[in-house]
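Worksheet: one structure, shown below.
The values are calculated or read from the model by the stated rules, or taken from the named source; none is laboratory data. It should be emphasised that the depicted structure is a prediction, and the values quoted were computed from it without experimental measurement. Cβ sites come from the backbone with ideal geometry, for glycine too, and all protein chains shown count toward neighbours.
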Amino acid sequence: MTKLVLVGGGHSHALVLDALRKRPEPGIALTLVSPAETSPYSGMLPGHVAGLYAREAMHIDVRRLVEEAGGRFVLGAAERIDRDAREVVLGDGAHVPYDLVSLDIGITPDLSRIPGAREHAIAVKPIGDLLAKIDRLISAVREPDGPRDVVVVGGGAAGLCLAFALARRLRAEARSEQGPTLTIVTAHALLPELNGRARRIARARLAQASIALVENDRVARVEPEAVILASGRTIASRATLVAVGAAPPPLVARSGLAADARGFLAVDATLRSVGDPRVFAAGDCAGSVTDPRPKAGVFAVRQGPILAENLRRAVRGEPLVPYSPQTNWLVLMSTADGRAIAARGRHLALEGRLVWWLKDRIDRRFVQGLA
Ligand SMILES: Cc1cc2nc3c(=O)[nH]c(=O)nc-3n(C[C@H](O)[C@H](O)[C@H](O)COP(=O)(O)OP(=O)(O)OC[C@H]3O[C@@H](n4cnc5c(N)ncnc54)[C@H](O)[C@@H]3O)c2cc1C
């Protein structure tokens with residue numbers, strides 16, 4: 001039997017587990033190591049924060065998936081991979097032996113680049129921890145002296161959707177007449193990776209939702225009651241959420257694994273580590289040396305079936321198949337008001353209720369397909 005250990009219950013591994021439960025692979029002894037029995041699905045996170053989805057509706061039961069695939073679930077977080085001993089070493093000191101190991105552990109926020117962020121800001125990753133922090137923020141907002149000013153640092157799709165969701169939820173929860181103010185601060189233009197039309201739509205929607213937007217200014221410092229920008233401007237903030245600064249998980253360096261220029265686990269087109277044929281990786285923690293793409297759940301999802309196929313092939317000793325990422329991909333962003341914005345490639349951008357209907361349908365189907 002080949003001992004296959006999946007580390008992390010991210011989007012790609014959820015799909016690997018689904019593939020293995022639907023078509024078991026003879027000759028595999030399967031283990032999943034995950035710090036939680038369920039994993040949040042990022043596409044529905046802003047909807048959950050906005051109060052549109054129950055917690056259970058946006059979680060994938062990875063423990064059940066691995067058990068249905070005939071494998072075992074190990075509760076814990078991997079500290080490092082001991083590649084000489086071929087063991088995954090967990091935080092509690094336990095060792096899980098492997099013949100093949102696959103990593104889908106996401107990213108960790110790098111708060112160290114913004115002075116004061118470690119002490120006074122809320123990192124949006126890991127998502128599992130974010131949910132508890134947002135629950136605390138919602139409780140605080142209900143208090144008469146609770147936070148009235150909230151800043152989201154980061155003008156990418158995650159920061160934007162989170163700001164819309166927080167504006168809706170916090171204003172609904174606040175007992176005072178005037179709900180909290182929301183501001184997005186971004187060092188670049190809003191949605192720098194999307195097209196100009198999407199940017200214009202998003203700016204108009206932010207204005208409509210009374211969410212302030214500060215573009216092309218960097219947060220220089222986070223203080224307990226304000227953020228200080230590089231321009232010298234001060235914005236009042238009793239709760240600062242940071243949606244920038246993706247850093248590779250420390251496990252990559254600790255395990256001596258080959259990394260890309262930014263420190264993410266370097267994989268070839270088959271999602272195999274360029275430095276160790278027994279190691280595979282997918283999702284945000286991996287960096288393709290052949291065809292890099294931004295960190296987004298859409299790629300983690302696309303990689304899942306290819307990773308499943310290549311793990312089967314690696315067990316059988318067959319040639320692996322390449323993953324070719326799309327050049328253009330659809331980005332769907334909820335504005336938390338029954339509408340959403342869609343963007344694709346250099347020109348296409350749409351918005352409205354139909355786009356939200358489509359996003360909601362795609363996301364629900366994804367999670368329900370893994371139930
Ligand atoms: C607010 C927000 C909204 C977003 N919305 C979208 C969206 O609409 N569309 C989109 O494409 N992307 C979106 N993203 C980006 C998306 O979250 C990520 O790209 C996606 O989650 C990456 O999936 P993954 O499989 O790499 O890892 P993750 O989903 O991050 O999962 C990693 C898993 O590994 C586990 N883990 C971590 N460390 C260890 C360890 N040491 N040992 C074992 N397990 C470990 C974690 O518990 C977690 O369950 C959003 C992000 C945020 C913050």
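Against the definition (within 16 Å of the ligand (Cβ to nearest atom) and at positive phi), how does G297 come out, yes or no? Walk me through how you get there before you give the answer.
Working: within 16 Å of the ligand (Cβ to nearest atom): yes; at positive phi: no.
Taking the combined requirement at face value, the residue does not satisfy it.
Of the set (1) in contact (Cβ under 8 Å) with a residue 60 or more places away in the chain; (2) within 23 Å of the chain's Cα centre (by Cα); (3) outside the structural domain of L311 (by TED's automatic domain parsing), all apply to G51 but (3). When D61, D104, D82 are checked against the criterion of being in contact (Cβ under 8 Å) with a residue 12 or more places away in the chain, surrounded by fewer than 18 Cβ atoms within 10 Å (Cβ to Cβ) and either closer than 30 Å to R168 by Cα or of a type in the set (D, E, K, R) (or both), a single residue qualifies: D82. Might you check whether a residue that is more than 12 Å from T186 (Cα to Cα), within 16 Å of the ligand (Cβ to nearest atom) and either polar (S, T, N, Q) or touching a residue at least 40 places away in the same chain (Cβ under 8 Å) (or both) occurs anywhere in region 210-217? Yes.
Here the strands (runs of 3 or more DSSP E) wholly within region 28-90 that include at least 1 residues being over 30 Å from A165 (Cα atoms) and not aromatic (F, W, Y) are 28-34, 72-75, 78-82, 87-90.
Please pick out the residue among L137, L131, L75 that is surrounded by fewer than 18 Cβ atoms within 10 Å (Cβ to Cβ), assigned by TED's automatic domain parsing to the domain that holds R361 and within 15 Å of the ligand (Cβ to nearest atom). If you could, list the steps in order and put the result at the bottom.
Numbers: L137 fails: surrounded by fewer than 18 Cβ atoms within 10 Å (Cβ to Cβ); L75 fails: assigned by TED's automatic domain parsing to the domain that holds R361.
None of the others qualify; the one that does is L131.
For G263, are the conditions met, namely being within 16 Å of the ligand (Cβ to nearest atom), in the same structural domain as G43 (by TED's automatic domain parsing), free of Cβ contacts under 8 Å to residues at least 60 places away in the same chain and surrounded by fewer than 19 Cβ atoms within 10 Å (Cβ to Cβ)? Walk me through it before giving the result.
Values: within 16 Å of the ligand (Cβ to nearest atom): yes; in the same structural domain as G43 (by TED's automatic domain parsing): yes; free of Cβ contacts under 8 Å to residues at least 60 places away in the same chain: yes; surrounded by fewer than 19 Cβ atoms within 10 Å (Cβ to Cβ): yes.
Judged against the criteria, G263 is a match.
I'd like to check something: does region 110-119 contain any residue that is aliphatic (A, V, I, L, M), in contact with a Leu (Cβ under 8 Å, 6 or more places away or on another chain) and surrounded by 22 or more Cβ atoms within 10 Å (Cβ to Cβ)?
Our first condition is that a residue be aliphatic (A, V, I, L, M); within region 110-119, this holds for 111, 114, 117.
Okay, now just the ones that are also in contact with a Leu (Cβ under 8 Å, 6 or more places away or on another chain), so 117.
Checking which are surrounded by 22 or more Cβ atoms within 10 Å (Cβ to Cβ) leaves us with 117.
Scanning region 110-119, I find at least one residue that is aliphatic (A, V, I, L, M), in contact with a Leu (Cβ under 8 Å, 6 or more places away or on another chain) and surrounded by 22 or more Cβ atoms within 10 Å (Cβ to Cβ), so the answer is yes.
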